[in-house]
Amino acid sequence: MTAEAMTTLRAFYAAEAAYLTEGAEFEEMARHLAPDVVMHQAASLPYGGQWTGHEGIREFLAAMGDSWDGLWFDEQHFLSEGERVVAYSRGRLRARRTGRVLETSLLQWISFQDGLITEFRPYYHDTSAVLAALAENA
């Protein structure tokens, strides 16, 4: 992975955490995304599906923000090959409605072009734990 892509990815993750935790502006994230960026999410999640372009990512983040009001990365590692990165993230999310804190990890397959992120494919360690943290009747 190029140094430029690594800088982009770290800046994006910091902006994402600030957006969900502190209400930072979407534009701080958008400057790291290609105009036709695609986010794939597990269909079983409340924010599941495919989200395309800056507007799609904005809608995804709004849907994710309906579920979570805090995101903290405790550990991240990156492996790269060309313009693709596998990112391992371990961290915590706080459920907006229940206040439960979920400690979890995920892998993301992330593609870049011209120094911008073009695609995210996250693979969750345990989507049932995500759903349980969000469940109001658990």
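The values are calculated or read from the model by the stated rules, or taken from the named source; none is laboratory data. A quick note: this is a predicted structure, and the numbers were derived from the prediction, not measured. Positions of Cβ are backbone-derived with ideal geometry, glycine not excepted, and every protein chain shown enters the neighbour counts. Note: areas computed on protein heavy atoms with side chains; ligands, DNA, RNA excluded. Shrake-Rupley method; radii C 1.70, N 1.55, O 1.52, S 1.80 Å.
Quick one: in the stretch 35-44, which of the residues that are of a type in the set (A, V, I, L, M) and open to solvent by 10 Å² or more (accessible area, probe 1.4 Å) is nearest to Leu106 (Cα to Cα)?
Within the stretch 35-44, the match that is nearest to Leu106 (Cα to Cα) is Ala42.
So which residues in the stretch 100-125 are more than 16 Å from Ser67 (Cα to Cα) and either more than 14 Å from the chain's Cα centre (by Cα) or outside any strand (DSSP E or B) (or both), if there are any at all?
Phe112, Gln113, Asp114, Gly115, Leu116, His125 - these are the residues of the stretch 100-125 that are more than 16 Å from Ser67 (Cα to Cα) and either more than 14 Å from the chain's Cα centre (by Cα) or outside any strand (DSSP E or B) (or both).
Considering every residue within the stretch 84-91, establish whether at least one is open to solvent by 70 Å² or more (accessible area, probe 1.4 Å), among the aliphatic types (A, V, I, L, M) and in contact with a Phe, Trp or Tyr (Cβ under 6 Å, 6 or more places away or on another chain).
no
Give me a count of the residues in the stretch 60-99 that are touching a residue at least 24 places away in the same chain (Cβ under 8 Å), more than 22 Å from Gln113 (Cα to Cα) and basic (Lys, Arg).
Qualifying residue count for the region: 3.
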